[in-house]
Amino acid sequence: MSKKLGANITCPQCAHVFPMQLYRSLWVENPENKALVLNNEINAMTCPKCKFHQRLEFPFLCTNVKRGFALWYEPYPDPQIDKDVADYRKHMGPDSFYAKAPRISDWEAFKRKLLEMEASAPQQAAPVNVSPEMQKKMAGFVTYLEQRNKQKKQGEAIKKFFGKLLGKFQKSREVTESLDALTSLRPKFESDGIYDSLAANKIFTEVRSIIVREKENTVHSISVDKWNPSDLALLLISKSSGNALSCGQYHIYRGTLSGEGQGYRKVFRKSIEELVKSGFITEEEAKADFEQIQENIKGVG
Ligand SMILES: [Zn+2]
């Protein structure tokens with residue numbers, strides 16, 4: 001999951017103008033994305049007219065949410081990055097890896113830094129901070145209880161309990177927004193068919209738990225990639241139903257879906273249609289996604 005922006009590119013060789021999607025942020029925990037950077041193929045254009053090929057000097061953010069590091073490629077000073085960094089300081093805290101991401105203008109130095117940060121990053125990132133207000137409130141409450149319970153052991157137990165509660169509150173805004181969006185999408189997936197509702201129920205339950213379990217990803221998608229919570233929910237629905245269709249578990253035999261499998265296909269199709277309506281993907285992208293799933297369905301079972 002990464003963020004892309006549309007732009008009109010003018011070919012430096014033949015002056016042909018064509019639209020292109022450029023990466024503004026990239027998840028480098030994904031090996032394919034990391035390879036895009038290391039092979040100089042990130043934000044690389046190929047002119048549809050004269051086939052001229054070149055990497056474009058476009059600023060973008062690389063993040064590895066799981067391992068807690070981020071870095072900017074900033075070939076020329078970009079005021080939007082100043083704004084984004086200010087945003088991260090506010091929402092994720094000044095010590096978060098988002099706020100502290102280095103900004104590197106030289107392409108070769110940028111690639112070296114990416115490998116260096118990856119090599120020295122911990123295997124599991126420290127959790128992103130809660131809003132300072134919430135932290136203060138919770139901390140104040142813990143102190144209050146500690147004073148009241150002078151017996152040290154009791155105090156410790158309570159501190160532990162509220163520490164856990166504090167953990168639960170972490171990143172809750174993005175998670176809550178995404179869960180709310182998921183709930184309001186449910187009626188769109190309503191169906192009379194028993195297998196269809198079975199499939200929809202299973203997918204919604206799975207997506208609900210993914211949003212909560214993969215908190216860091218939820219926070220990142222909403223606060224950093226600035227996705228609409230409803231788009232995130234739809235994307236997860238399409239991924240979950242797509243996985244179900246491609247695993248062969250819902251086939252009666254090779255290439256042929258069971259009743260429940262057909263329910264998953266409806267859920268998948270609906271989620272893709274909704275993503276087109278919201279403008280998150282184009283009709284061409286939706287068509288390609290659906291064809292890919294049809295191919296996967298044919299190949300398994
Ligand atoms: Zn050209």
>> Between ASP180 and GLU29, how high is the FRET efficiency from 1/(1 + (r/R0)^6) when r is the Cβ-Cβ distance and R₀ = 25 Å? Nearest 0.05.
In response: 0.40
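Rounded, prolate or oblate: pick one for segment 3-120, where a ≥ b ≥ c are the square roots of the eigenvalues of its C-alpha gyration tensor, a/c under 1.5 means rounded, and failing that, prolate if a/b is larger than b/c, else oblate. Let's see the in-between values first.
Values: a/c = 2.34, a/b = 1.69, b/c = 1.38.
Note, shape of segment 3-120 comes out prolate.
When DSSP assigns beta bridges and you keep just the ones with both residues in segment 3-120, what percent turn out antiparallel, to the nearest 5?
Details: 16 of 21 bridges.
Among the beta bridges of segment 3-120, antiparallel pairing accounts for roughly 75 percent.
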> Once you put a point 7 Å from the Cα of LYS66 and another 7 Å from the Cα of ARG89, both along the Cβ direction, what distance in nm separates them?
Replying inline: 3.2
>> Modelling each spin label as a point 7 Å along the Cα-to-Cβ direction, I'd like the LYS287/LEU5 distance in nm, to one decimal.
In response: 2.9
> trypsin sites (Lys or Arg not before Pro) within segment 1-105: which are DSSP loop residues with at most 10 other Cβ atoms inside 10 Å?
Replying inline: LYS51
> If R0 is 22 Å, what FRET efficiency do you get for LYS51 and GLN80 from their C-beta distance, rounded to 0.05?
Replying inline: 0.10
>> Using amide H atoms built in the peptide plane, which far-off residues or other-chain residues are under 5 Å from LEU56 H to H?
In response: ALA44, MET45
> What is the spin-label model distance, in nm, from GLU108 to ASN243 if the labels are put 7 Å beyond Cα along the C-beta direction?
Replying inline: 4.2
> Using alpha carbon centroids, what distance separates segment 4-67 and segment 239-296, in Å?
Replying inline: 28
> Residue by residue through segment 35-44, which ³J(HN,Hα) values in whole Hz follow from phi under the Karplus form 6.51 cos²θ - 1.76 cosθ + 1.60 (θ = phi - 60°), with glycine and proline marked x?
Replying inline: 5, 4, 6, 5, 8, 6, 9, 5, 6, 9
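Values quoted throughout were computed directly from the atomic coordinates according to the rules given, and no laboratory measurement underlies them. Values in this document were obtained by computation on a predicted structure and should not be read as measured data. Backbone-built Cβ (ideal geometry, glycine too); neighbour counts: all protein chains shown.
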